[in-house]
Ligand SMILES: C[S@@+](CC[C@H](N)C(=O)[O-])C[C@H]1O[C@@H](n2cnc3c(N)ncnc32)[C@H](O)[C@@H]1O
């Protein structure tokens with residue numbers, strides 16, 4: 001598990017900005033990211049009140065923030081990278097949403113006060129953090145006692161060797177990928193942050209290898225290495241991603257979990 005001693009380095013933030021500037025347009029139109037049912041499931045699980053103020057960290061093109069804005073009084077979406085923030089601003093204007101705004105900022109040093117938000121959420125970004133535990137602590141700091149902290153992310157195998165193989169494939173595809181945690185690790189960091197885990201929803205996405213590489217605009221040599229490793233994996237499933245052939249194309253499974261937590265009140 002990541003230790004609190006590791007900080008998000010400037011080099012890593014530069015890699016994140018480079019990837020998500022290059023990928024911004026493709027990412028913003030990816031089916032799994034725009035999927036209205038998936039967004040509705042997450043918002044339903046969070047179940048915000050109409051009076052709530054919500055914060056989405058690492059908002060990217062802002063779909064979670066915009067889905068929350070349909071239910072909350074006010075929403076802020078924050079991200080390190082300017083290109084997806086610009087897409088989020090444009091999309092929210094087009095949708096006529098005037099209770100959501102998007103800001104540049106760093107999830108490990110949030111500029112908001114303690115307990116400012118009723119809901120703090122992060123989707124599909126923990127696997128880009130060097131120290132997810134430290135960022136979770138920041139999410140908890142800005143959430144009011146009794147409020148909701150929710151994290152949705154990919155998760156890796158409980159078997160460390162398979163998890164390492166899966167994370168290597170992800171890193172070859174996208175240099176800003178750090179590590180998808182195992183589901184038990186994700187839940188453990190929630191407990192260490194003092195959160196009460198209220199609900200866990202898991203899901204399995206069937207992903208087409210070539211579409212996955214294209215959406216990240218993976219370089220030719222890295223993509224060749226990913227294909228070679230998946231070819232091997234078709235026989236062994238050494239990554240836990242369960243690759244298989246359908247209609248002449250390699251597909252594999254990405255597992256995701258949404259973990260909905262409550263920040264404990266003092267004395268609870
Ligand atoms: C895979 S995208 C997820 C976007 C969005 N949450 C969604 O579900 O569509 C990851 C995002 O995390 C952002 N990010 C990564 N590290 C960050 C950090 N330390 N602070 C703020 N944003 C960060 C990236 O810029 C990128 O937009």
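Output the residues belonging to segment 122-146 that are under 19 Å from residue 46 (Cα atoms), within 11 Å of the chain's Cα centre (by Cα) and surrounded by 21 or more Cβ atoms within 10 Å (Cβ to Cβ). Of everything in segment 122-146, those that are under 19 Å from residue 46 (Cα atoms), within 11 Å of the chain's Cα centre (by Cα) and surrounded by 21 or more Cβ atoms within 10 Å (Cβ to Cβ) turn out to be 122, 123, 125, 126.
Considering segment 45-63, and only residues there that are within 16 Å of the ligand (Cβ to nearest atom) and outside any loop (DSSP other than H, G, I, E, B), the residue that is surrounded by the fewest Cβ atoms within 10 Å (Cβ to Cβ) turns out to be 45.
From 79, 114, 108, 118, grab the single residue that is farther than 30 Å from residue 226 by Cα and either modelled with pLDDT under 95 or crowded, with 19+ Cβ neighbours inside 10 Å (or both).
Residue meeting the stated conditions: 118.
Scanning segment 186-198 finds one or more residues that are free of Cβ contacts under 8 Å to residues at least 24 places away in the same chain, surrounded by fewer than 19 Cβ atoms within 10 Å (Cβ to Cβ) and under 20 Å from residue 140 (Cβ atoms).
Counting just the residues of segment 98-116 that are within 16 Å of the ligand (Cβ to nearest atom), assigned to a loop (DSSP other than H, G, I, E, B) and touching a strand residue (DSSP E or B) at 6+ places or on another chain (Cβ under 9 Å), which one comes out nearest to residue 134 (Cα to Cα)? Looking at residues that are within 16 Å of the ligand (Cβ to nearest atom), assigned to a loop (DSSP other than H, G, I, E, B) and touching a strand residue (DSSP E or B) at 6+ places or on another chain (Cβ under 9 Å), I get 107. Using the structure shown, decide if residue 78 is within 13 Å of the ligand (Cβ to nearest atom) and part of a helix (DSSP H, G or I). In short, no.
The values are calculated or read from the model by the stated rules, or taken from the named source; none is laboratory data. Not measured: the values here are computed from a predicted model. Note: ideal-geometry Cβ built from the backbone for every residue, glycine included; neighbour counts use all protein chains shown.
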